[in-house]
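Structure record follows, encoded as structure tokens.
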Amino acid sequence: MKHSNMGKVKILLAQNGIFLAMIVVALIFGAINPRFLSVGNLMTILQQIAELGVISFPIAFVVMMGCADMSVGSVASLAAVLGGTVMVRTSSIGLGILAALAFGLVAGLINGFLVAYMRLNTFVVTLGFLSVWGGLAMFFTNGKTVTQLPTPFLLFGSRKVLGVPVQILILAAMIVGSWYLLNRMAKGKEILAIGGNRRASYLMGISVRRTQMLVLACAGMFAGLTGILLTAKLGAAAPSVGSGLELSALTVVLLGGVAFEGGTGRISGVLAGLLFVGVLQNGLIILGVSAYLKTVFTGAVLVVAVMLDKSIHRIVTSAWKDMTSAKNVPSPSDSHDPATVPDTSQSIVAPTQNALQQTQGRSYPLHTDRPQATEV
């Protein structure tokens with residue numbers, strides 16, 4: 001087999017290994033308990049991962065951009081109690097949902113402003129707000145759950161459309177929307193470009209700061225939506241309803257092959273990571289594993305996901321070098337290493353601009369007269 005074909009096989013296996021792992025795990029659980037592979041239980045798995053999916057796909061774009069958001073779990077918790085409180089006091093479902101979404105959007109904008117314009121570390125900023133929003137959720141409710149929500153809102157959690165639970169339809173809409181954004185819109189390519197090389201993206205005319213604010217704001221808003229969906233499913237707004245969601249979402253994203261350093265990622269991979277987590281958690285429930293041990297498994301899978309992220313990066317880079325060595329084409333890892341980036345602006349900008357133009361047919365103005373990366 002030629003080196004190029006072997007390289008393609010390596011890349012294919014590295015990028016789709018999580019699908020194979022999910023099938024193997026599902027077959028193991030099915031062999032232990034045949035009820036696991038029933039249609040009813042598979043629908044249950046999709047319902048269980050719907051809220052996690054709503055928060056995971058926006059986080060995938062955040063990570064592709066080279067950032068992180070560790071505050072989404074607490075944003076979901078505070079959005080849930082705010083939305084629930086507004087519903088109880090005004091008897092208006094619409095106002096409650098609007099309050100939750102508005103808070104999520106504001107929380108995301110604060111993260112975006114501090115990261116994009118104040119140039120603070122995204123991990124530290126969002127980790128700080130993980131405590132801020134979580135503490136406020138407990139303070140406002142005194143640690144108590146908001147109950148007596150409007151009956152029509154509670155029925156939303158069990159509502160079906162054409163026999164399909166509404167949570168699954170929302171998850172399907174998230175998958176389609178995320179795929180379209182990443183593969184058919186210029187903004188999706190700009191997010192990947194920023195994650196791959198922020199300086200080059202800036203020099204070729206991409207608004208790096210505005211894109212960072214937009215992506216983090218969307219992550220916050222969808223965290224607020226997740227809080228509302230969890231409230232409808234549980235029938236009450238608990239101040240800890242989103243606890244641990246940030247780690248679960250990060251696990252899904254890394255299992256899905258999104259590079260933690262940013263610059264690469266596929267929606268199909270994120271979907272595979274989401275299904276893997278759903279299969280694992282549901283299988284553990286069917287086997288009667290303690291809820292405390294499920295947390296242990298989630299943490300262990302996160303560690304494995306980080307190891308897979310590094311392994312996949314090495315395999316893809318090695319395969320790419322094998323395929324392109326004869327053609328003398330730079331490997332993808334070269335563009336991620338600032339030490340390998342030439343000093344001249346044109347040599348940085350032109351390849352990235354050409355790649356985006358070939359994909360999107362869109363023209364980006366070169367900003368070669370701009371100052372160096374300190375302005376990005």
- [ ] Set Lys and Arg Cβ to +1 and Asp and Glu Cβ to -1, take the dipole of the range 198-308 about its Cα centre, and tell me which of Val270, Val306, Leu216 lies farthest positive.
- [x] Leu216
Task: Ellipsoid equivalent to the range 6-92 - semi-axes via the Cα gyration tensor, in Å - done: 35, 24, 9
Open item on the list: At R0 = 56 Å, how high is the FRET efficiency between Leu234 and Met6 if r is their beta carbon distance? Nearest 0.05 is fine.
Closed with: 0.65
- [ ] In nm, give the distance between the simple-model label positions of Arg314 and Leu37, each being 7 Å from the Cα along the Cα-to-Cβ direction.
- [x] 3.4 nm
TODO: Report the full-extension gain for the segment Phe297 to Phe260: residue separation times 0.36 nm, less the Cα-Cα distance, to one decimal in nm.
DONE: 11.3 nm
Task: Peptides ranked, highest mean first, by Cβ atoms within 10 Å: ranges 154-167, 266-279, 64-77, 245-258 - done: 64-77, 245-258, 266-279, 154-167
Task: Tyr117 versus Leu27: modelled label distance in nm, points set 7 Å from Cα along the beta carbon direction - done: 5.5 nm
Task: Peptides 222-233, 110-121, 43-54 ordered by average Cβ neighbours within 10 Å, highest first - done: 222-233, 43-54, 110-121
Open item on the list: Applying a 10 Å radius around every beta-carbon, put 283-294, 193-204, 130-141 in order of their mean neighbour count, most first.
Closed with: 193-204, 130-141, 283-294
Task: Distance in nm between pseudo-label sites at Phe140 and Ser268 (7 Å out along the Cβ direction from Cα) - done: 4.1 nm
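A short reminder: the numbers here are calculations on the coordinates, not readings from a lab. This structure is a prediction, so every number in the text was calculated from the model and none was measured. Don't worry about glycine lacking a Cβ; one is built from the backbone with ideal geometry, like all the others, and counts go over all protein chains shown.
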